[in-house]
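The structure appears right after this line, and notes come after that.
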Amino acid sequence: MVVAMQTLSGDPPTVKAYKLARSNHFVVLCPHCRRLHYHGAAGGGGHVASHCSDSAAARMGYVLAPAGIVNSGSAVMAIESGGRE
Ligand SMILES: [Zn+2]
């Protein structure tokens, strides 16, 4: 496999992981592909592989940092898009 770019080298980023109120999952806004990904919350956070369609980004993944409880993935989109541009 050819790796076209080196932008994914280095340490995985830390992301805010929002716990779903009605499900034992975290929701994160992916720093690699800017989509929502869901991860089981049983492990409590830490490094995971992401669910990106880009395999290099998925391998790098990110570090989950628990950041509170939300009702839905769309709430995470609202939080993450409201504070910065
Ligand atoms: Zn992603």
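The number of residues in segment 30-50 that are under 16 Å from MET77 (Cβ atoms) and touching a His at 6+ places or on another chain (Cβ under 8 Å) comes to 3. Residues in segment 31-48 that are buried (at least 18 other Cβ atoms within 10 Å of the Cβ) and over 17 Å from ILE69 (Cα atoms): HIS32, VAL48.
Computed from the coordinates by the stated procedures, all read-outs in this text should not be read as laboratory data. These numbers come from a predicted model, not from an experiment. Heads up, the Cβs are rebuilt from the backbone with ideal geometry, glycines too, and the neighbour counts pull from every protein chain shown.
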